[in-house]
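Have a look at the structure below, then the notes.
The values are calculated or read from the model by the stated rules, or taken from the named source; none is laboratory data. None of the values given here were measured: they were computed from a predicted structure. Neighbour counts run over all protein chains shown; Cβ positions are idealised from the backbone, glycine included.
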Amino acid sequence: MPGFIKELLNLLYPPLCVVCGRKLIAGEEQLCSACLYALPRTRFHAERQNPVCDRLFGKVPFEKATAIFYYQKESYMQCVMESFKYKSNRQLAFYLGTYAGMQLSKQGFFEQIDLILPVPLHKNKEKWRGYNQSELIAKGLACRSGLPVDSSSLERLLENPTQTRRGLWERSQNVQQLFKLRSPDNLVGKHVLLVDDVLTSGSTMEACGNALLEARGLRLSFFALALA
Ligand SMILES: [Zn+2]
């Protein structure tokens, strides 16, 4: 979009903070500085052993794992997640991916990782929403790390259940057959960073991870934007 059209649009429809609704000033994107600063940060991505690792430990073998925010109900983070999950704010998902990418780069988190792979949505769900929010987060991370994003090797075979049924679903055995690795040869010997928006019980990461490990010599690491 040419600069002057963007400026005109900004004048007519000034961008607002997705949390507090205040008009954004130059240099701010999606969130005002106060709301961005107030998001609950984990600050543990520099630690090799952290609560994300604890959540995934014993489920699937992995190299490193982290999240940069905490997800709490009725918090700023819930507001942010709802905006990009249910209100079509794809720019916000990408923006938070770039923000996370910057934090992770500083700590050398991307070292030895070969590619970034978002947790796929079922194709019907993606069609309905119009995008996969984890893929947008992954693209934001890629923007800061220079790593490629692979959105095609892993396929989701079943629809995601509603949030309320999630607990039961995640405990079920079926979760293990949710994903299928389409082209294992592409991922042989690669170190893959698997990306999701929120980490809850870890069952989705586990199911994805197990599908990915069908590729010979594959190594896994995990990133979630938020830890619930
Ligand atoms: Zn704000």
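One residue is enough: does the stretch 61-70 have a residue meeting the conditions within 30 Å of Leu212 (Cβ to Cβ), within 16 Å of the ligand (Cβ to nearest atom) and crowded, with 17+ Cβ neighbours inside 10 Å?
yes
Of all residues in the stretch 17-54, how many are within 16 Å of the ligand (Cβ to nearest atom), over 19 Å from the mean Cα position of the chain (by Cα) and either within 21 Å of Ser105 (Cα to Cα) or not aliphatic (A, V, I, L, M) (or both)?
11
Which numbered condition in (1) within 16 Å of the ligand (Cβ to nearest atom); (2) within 17 Å of the chain's Cα centre (by Cα); (3) without any contact (Cβ under 8 Å) to a residue 12 or more places away in the chain is the only one that Tyr99 fails?
Tallying (1) within 16 Å of the ligand (Cβ to nearest atom); (2) within 17 Å of the chain's Cα centre (by Cα); (3) without any contact (Cβ under 8 Å) to a residue 12 or more places away in the chain, Tyr99 fails exactly one: (3).
Within the stretch 1-19, restricting attention to residues that are without any contact (Cβ under 8 Å) to a residue 40 or more places away in the chain and in a loop (DSSP other than H, G, I, E, B), which residue is surrounded by the most Cβ atoms within 10 Å (Cβ to Cβ)?
Cys17
Can you confirm whether Ser88 is assigned to a helix (DSSP H, G or I), modelled with pLDDT under 95 and of a type in the set (S, T, N, Q)?
no
Would you please name the residue that is surrounded by the fewest Cβ atoms within 10 Å (Cβ to Cβ), looking only at residues in the stretch 150-186 that are among the basic types (Lys, Arg) and at pLDDT 60 or above?
Top of the filtered list is Arg182.
I'm checking my understanding of the structure. Among residues of the stretch 110-143 that are touching a helix residue (DSSP H, G or I) at 6+ places or on another chain (Cβ under 6 Å) and farther than 20 Å from Lys190 by Cα, which one is surrounded by the fewest Cβ atoms within 10 Å (Cβ to Cβ)?
Tyr131
How many residues, within the stretch 80-89, are among the charged types (D, E, K, R), over 17 Å from Pro40 (Cα atoms) and over 12 Å from the mean Cα position of the chain (by Cα)?
1
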